[in-house]
Amino acid sequence: MIELKSIPDDQLPELFLSSLNKQSVFSEIVNRYKEKVYFHVRRILENHEDADDAAQLTFIKVWQNLPAFRGNSRFYTWIYRIATNEALNILRKNRKWEPFEEGELNEYAAISEPALPRSAEIENRLYEAIETLPKKQQLVFNLRYFEEFSYEDIAEITGTSVGALKASYFHAVKKIEQQLTKTL
Amino acid sequence: MKNNNKNNERHKAPEGYFDSFNERLLERMRSEGIDTQSSAKSPLRISWLKPAIAAASVITIAVIALLLWNRKPSNPGNEIVKTNTVKADSLSKQEIASVQETNQNQLISIIDEELSEPEPKSPIIQTSHSPEEQALEKELEELGLTGGESGEELFGDLEI
């Protein structure tokens, strides 16, 4: 009897394919990722109902497409990508999705990661400032700042180049700093 | 990971949300007609293989059958007829006349050969076929007359 909790993430797809009890393996995948997926889409969608819908759709897509997963990307970035797409679909349906503007992608330099203030009150203001960003910038910022994904992982999730992501994050941080300066 | 959401009122999940998440997910999958016992799509690495093998087998068998059919020998008689027909069709009038003349010459030579062969010693009776002729020849034989004599030889002494 395999102890599912001891199986590394990247081996779960293979185990799913070879297992006679796929439901058990799938349950383990859901248990490992449901909170991460929920909070990821919640940051994009803001309200709980949409986030719940996106989270469930994410795992339905995982169940249906896991046999076709080829391991070209990390398993968790694959799941995040599905979750992101589901959240963006809901955003588009609600007409709240704004794509990148061309100018934002042009400025890219060796960007140093700015340190943002971390107290609870300031964190609330931080979230308020984040909400003023365009949705895609919010997405990039959340993945980088809160979930600490590498730019390469974010590139896999969003389908955007690393350079564009760095530029986006740079601009996002600048805007948040300006917003926090106004409110503090 | 800077996951502060548990302490953040803005993005806080409802109480017990994650405890019932799996069950609600399964219910939704069933309500949407998704088979929750086995994944909807069979493993891609295997699903294409079996049909591909089956298709290749069918094609191979068909090709072999076709090759065997084409190699099947035709009726020799038909070949000769075809050949002769082609030959006949392709012959000109002169060629046809020549062939006919040749055939005639061959026939004549065969007849000559037959005529030049010594006559069999058997009486004329051997050359007759009908019962009446056979009876007549028998009578002649009993009378001591043999076939081949001329009328003068047969009736030369008679004076009419």
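The values are calculated or read from the model by the stated rules, or taken from the named source; none is laboratory data. Values in this document were obtained by computation on a predicted structure and should not be read as measured data. Cβ coordinates were reconstructed from backbone atoms using ideal geometry, including for glycine residues, and neighbour counts include every protein chain displayed. Just the protein is used for accessible areas: all its heavy atoms, side chains included, with ligands, DNA and RNA removed. Shrake-Rupley method; radii C 1.70, N 1.55, O 1.52, S 1.80 Å.
The mean count of C-beta atoms from other chains within 10 Å of the C-beta of residues in A:41-48, rounded to a whole number, is 2. With a Förster radius of 41 Å applied to the C-beta separation of A:SER27 and A:ASN94, the computed FRET efficiency comes to 0.85.
Legend: mean number of C-beta atoms from other chains within 10 angstrom of residue C-beta atoms, peptide A:60-68, equals 5. Which entries in the list A:LYS93/A:LYS166; A:LYS174/B:LYS12; A:LYS36/A:LYS174; A:LYS34/B:LYS12; A:LYS5/A:LYS61; A:LYS34/A:LYS175 go over 24 Å, if you measure between the two C-alpha atoms of each? Violating the 24 Å Cα-Cα cut-off are A:LYS93/A:LYS166; A:LYS174/B:LYS12; A:LYS36/A:LYS174; A:LYS34/A:LYS175. Once all protein chains are placed together, A:GLU121 keeps about 110 Å² accessible to a 1.4 angstrom probe. Computed packing ranks the peptides A:152-160, A:15-23 as A:152-160, A:15-23, most packed first, by mean other Cβ atoms within 10 Å. Accessible surface of A:LYS175, taken over heavy atoms with a 1.4 Å probe and every protein chain present, rounds to 70 Å². Remark: mean inter-chain Cβ contacts per residue of B:15-26 equal 4, using a 10 Å Cβ-Cβ cutoff to other protein chain atoms. Buried accessible surface for the B/A chain pair comes to about 3700 Å², total over both chains, computed with a 1.4 Å probe.
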